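The values are calculated or read from the model by the stated rules, or taken from the named source; none is laboratory data. Everything numeric in this text was worked out from a predicted model, so none of it was measured. Here the Cβ positions follow ideal geometry from the backbone for every residue, glycine too, while neighbour counts run over all protein chains shown. Note: areas computed on protein heavy atoms with side chains; ligands, DNA, RNA excluded. Shrake-Rupley method; radii C 1.70, N 1.55, O 1.52, S 1.80 Å.
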Amino acid sequence: MAGLRYDRDFATLISTVPMNSIRAKMLIGFGALLLPLLAALGVVLYLEARATVIPLTKDLSQAVLQARSAGLGTLFRGYLSDLRLLSRDPVLRSGDLDAITRALAGHARERNPDYEMLFFADAEGRFVSSVGATGHVADRAYFKAIMNEGVAQVIGEPVRSRASGAVVFVVAAVVADPAGRPLGLVAATVLLDTLSAIAGAIGIGEHGFGWVMDHQGLLIAHPNATLRMRLNLLESAAQGYQGLEMIARTLARGESGLSFYRRPDGTRFVTIYTPIPNTPNWGLGVSMPEAELMGRAYRLMRILLWGMIGILVAVLVLVWVVSGRIAAPVRALMRGVELVSSGRLDHQLSIRTGDEIQVLADDFNRMTVDLKAHIRDLARVTAEKARVDGELRAANQIQASMLPRIFPPYPRVDTLDLFATMEPAKEVGGDFYDFFLLDDGRLSFCVGDVSGKGVPAALFMVIGMTILRNLSRQGRPLEQIFEQANDMLCSENDMFITAFMGVLDPRTGVLDYVCAGHNPPLIARQGGAFAMLDVPHNLFLGGLEGQTYASRQIRLQPGDLLFLYTDGLTEAQNARGELFTDARMLESIDRLAGRPVKEVILGMRDAVGAFVQDAPAADDLTMLALTISERRR
């Protein structure tokens, strides 16, 4: 709570700065947009530094290593040149080993201090040295290369000296007679400690160190004597090193590179490596801790990152302070909205900032006044709508009560089965169906569709249905019923009715029917496929006075089924605006062939529902189906 109180006091202090326009406030607050921009800039600079400084550091280190490798190559070339010059000494060709020993001792004092000793070996492999040691070297690889393979000079792999017992590598050159026939060789031994000292001096940075690997992967020069001549880089994974084997394989192929490896203690090292010229495929490497190599670059990037964070924090503080000034009247406006939404419509805001927020507050006050008036009007309209809805529900019940709803309708007429439904698109509809028994035992049935929908169509439906029922009960022929009904419906009317009426004798199956512009019914003979019933072409009812209507007669056999419907079936639409169509109707009803009339009606209703799914009904839907059967005994 103390922190919140301090924030309010601080915001109040800042609010004393005059800001007469909300535009000025938003310009200051717009600084918040700098947040992602500065963050993006920081990320870009960081990535750019990482992509530029770090590779540059690596490239410089690689250049230094290559220069040092070239220097080592020059050193080895000097060894070879020195021995080649020494091989021309006539004393070495004399074969006098004592004289050769004295000559070697003299040369040793004058030659490269890197040499541990000089020695001469004759064609038999017997050698004498500048330090007085003697022995045989015929089994050495460098001896065989010169004496047997005709190589003029060679740098041998590290061996243990038979003169001193130290680990050395040998630089040798052939000694030949004037005809070029080899008489022996002259060689110098160089301690591996000397090579390690030379390689170690190549280190980069404070903790970097150099090393040398022979062509077999053996570490022959290293500051750590415990690893020298003991660690084979090609087999280093077995000793806990990760990444050294890949470096060794690359060097063995004579390739340069930069890679990382991890020591058994987990320290990660960067290694730059390259082949050494004038050697038997030896490689020079310089390793140093990754943190040291990349330290300066990472330090620069950290400074850059913290600088961006500092700018972001400063912008956030500025936005926080300015937003407190802007938010105060907005909070008052929000509080007013909460009070009004809770029902306190008499609440008025008192905001005097002299900017757009004050204009918004004044509009809010006017809105509450208008809202009170609107609520009064809405209550009145709602009450009126409730009354109308109640009347429509009553009308729907009245309309439904006018249609026959008891099925089966005539249990005593055991040769007749009939079922019908009417589903209005609105509360009340313009479709209707009707059926009743005439005095002579015949069944009169009818399906009609009034143009239009809603209450007017429902009222006109009642009129039309009543006229057709009364005329039919008088026992008149179907032609006269429709002619008189048409004339009665034409008077002072702008709507019309399409209708189909039939009179069926369930005892004989004789069916007389008349159609006034209505959809032709479907008929299925003996449970077979459905087809359109052939109907006479007559004008709809209520269209034009003085019309004549033609009727037809067929005979229904037991098992035949007659299906009547309105255009709400074939013109049912789905969400894509597609119609159910006559084709879909026939396809759907054929799957219901042979079933009872109620199952046919319900099955067709399900088929239409699956087609339209959630689309609202566009028209009333009425269906009636009847069939006759053999008289039960």
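Laid out as a table, the results:
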item	result
Distance in nm between pseudo-label sites at residue 575 and residue 216 (7 Å out along the Cβ direction from Cα)	7.9
Full-extension gain in nm, residue 613 to residue 85, via 0.36 nm per residue minus C-alpha separation	179.7 nm
Label-point gap, in nm, between residue 75 and residue 599 - each point 7 angstrom along Cα→Cβ	10.3
Residue 463 accessible area, 1.4 Å probe, all protein chains in place, Å² to nearest 10	90
Solvent accessible area, Å² - residue 630, 1.4 Å probe, full protein context	130
Solvent exposure ordering (accessible area, 1.4 Å, most first) of 301, 246	246, 301
Cleavage-rule hits (GluC sites (Glu not before Pro)) in the stretch 158-251: DSSP loop, at most 15 neighbouring Cβ within 10 angstrom	206
Separation of the residue 102 and residue 164 label points, Cα + 7 Å toward Cβ, nm	2.5
For the stretch 173-310, average projected area of the Cα convex hull in nm²	11.5
Listed residues 548, 466, 250 arranged by accessible area, highest first, probe 1.4 Å	548, 466, 250
Sites matching GluC sites (Glu not before Pro) across the stretch 90-148 that sit in DSSP coil, with at most 14 neighbouring C-beta atoms within 10 Å	124
Surface accessible to a 1.4 Å probe, residue 159 within the full protein complex, Å²	40
Cut-off 10 Å between beta-carbons: net charge of the residues surrounding residue 193, Lys and Arg +1, Asp and Glu -1	0
Sequence-distant residues sharing a close amide H with residue 475 (under 5 Å, placed H)	none
Normalised alpha carbon radius of gyration of the stretch 424-579 [divisor 2.2 N^0.38 Å]	1.05
Spherically averaged projected area in nm², based on the convex hull that wraps the Cα atoms of the stretch 450-492	3.0
Those trypsin sites (Lys or Arg not before Pro) in the stretch 532-595 that DSSP places in a loop and that have at most 13 other beta carbons within 10 Å	576, 591
Alpha carbon Rg of the stretch 66-140, scaled by the compact-globule rule 2.2 N^0.38 Å	1.22
Global geometry of the stretch 579-621, whether rounded, prolate or oblate, following the gyration tensor of its Cα atoms and the 1.5 cut on a/c	prolate
Difference of contour (0.36 nm per residue) and Cα-Cα distance, residue 37 to residue 268	79.6 nm
